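Every read-out reported here was derived from the displayed coordinates using simple, explicitly stated rules and does not represent laboratory data. Since the model is a prediction, treat every value here as computed from it, not as a measurement. Cβ atoms come from the backbone with ideal geometry, glycine included; neighbour counts cover every protein chain shown.
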Amino acid sequence: MRTKAGYFKIGVFVLTLTGVLVAGILWLGASTLFQETVLLETYMDESVQGLAVGSPVMQRGVQIGTVKQITFVPREYEMPLDSVEAAPYEKFVMVIMAIDKAHFAGAVSEHDVRDILKQWIDNGLRLKLSPQGITGIYYMEADFVDPKRFPALSVPWTPKYHFVPSTTSLFRNISQSADSLFQSLSKVDFEKLAASLQKSFDSITTGIQDAQLVRVREEMIRLITQLQQASNYATTLLDPNAPNTGSANLPQFVNQLNVTLKRIDQFVSTQQPELERIVANLNQASANLRELTENAKKDPAQLFFSAPPKPTEIAP
């Protein structure tokens with residue numbers, strides 16, 4: 001009798017526990033099972049790896065729905081073979097999502113939902129893939145962007161559900177930017193660029209040197225003119241037939257000559273270091289340009305990026 005009573009208690013406990021579990025599951029899933037949803041669809045021209053049925057649809061960190069189906073556009077919409085109009089969409093991925101209708105505040109009918117979505121889309125509502133950390137798992141994110149930068153996609157078929165345009169994911173944007181950059185780099189003739197830079201620098205160097213030489217030449221001409229005037233004056237003093245000559249004018253002549261000689265000496269002493277400095281700077285700049293052009297030939301990316309990372313040391 002005791003054995004039968006024990007079995008009975010165990011049976012009652014198992015049945016009670018099962019009932020509690022079923023009630024809990026029904027209570028937790030009631031909001032989902034009886035939740036009214038709105039089906040949206042979008043099309044993406046990129047890989048959706050990491051996105052799965054059941055993945056959340058988020059808007060600014062708040063879950064507003066889940067992904068219901070992932071497929072290719074041609075499987076849902078018939079496209080004429082060899083159609084130029086349909087060709088761009090043959091590889092598009094179609095994502096269908098169920099969104100909580102409560103997200104569309106004030107919407108009673110499907111017409112209301114359509115009007116609200118149209119207003120949101122005009123204001124820049126777009127869907128895109130977003131990663132969940134570094135796990136490789138993705139979710140659908142709804143956000144508002146600049147509608148001029150990200151115009152809505154126009155499709156040649158009538159969507160089955162409410163259509164919301166998509167925009168490329170951050171990873172896709174980075175990948176496209178990198179591809180564009182490297183394609184641009186591959187088209188650059190760095191040897192021609194280096195030759196052009198060298199030619200431009202030579203022209204600048206010549207112009208600087210010419211300008212400096214012109215200034216020096218003008219100063220020299222002025223000093224030579226003064227010496228010529230002093231020489232003419234000395235000739236006048238030594239000419240006995242010349243009027244207004246005499247020893248009284250000799251000190252004046254010597255003083256003028258000394259002043260001129262001092263200016264010549266000062267000019268030579270002050271200009272020499274300046275000329276040496278200019279020539280040294282030009283030589284250094286020329287060497288730097290040569291080094292730049294050589295590096296550009298060997299590693300063009302250094303013109304756009306910083307120095308390459310130091311090699312890592314791998315322990316044996």
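Between Lys199 and Met79, the simple label model (points 7 Å from Cα in the Cβ direction) yields a spacing of 4.8 nm. Residue exposure proxy: Leu117, Leu15, ordered by other Cβ atoms within 10 angstrom of their Cβ from fewest to most, comes out as Leu15, Leu117. Under a 5 Å amide H cut-off, with hydrogens placed 1.01 Å from N, Thr37 pairs with Lys101 among residues at least 5 apart or on other chains. Modelled spin-label separation between Lys118 and Leu17, with each label point placed 7 Å from Cα along the Cα-to-Cβ direction: 5.8 nm.
Taking label positions 7 Å along the Cα-Cβ direction at both Ala87 and Thr225, the computed distance is 7.7 nm, reported to one decimal. Note on Asp45 and Gln69: the extension gain reaches 7.0 nm, defined as 0.36 nm multiplied by sequence separation minus the Cα-Cα distance.
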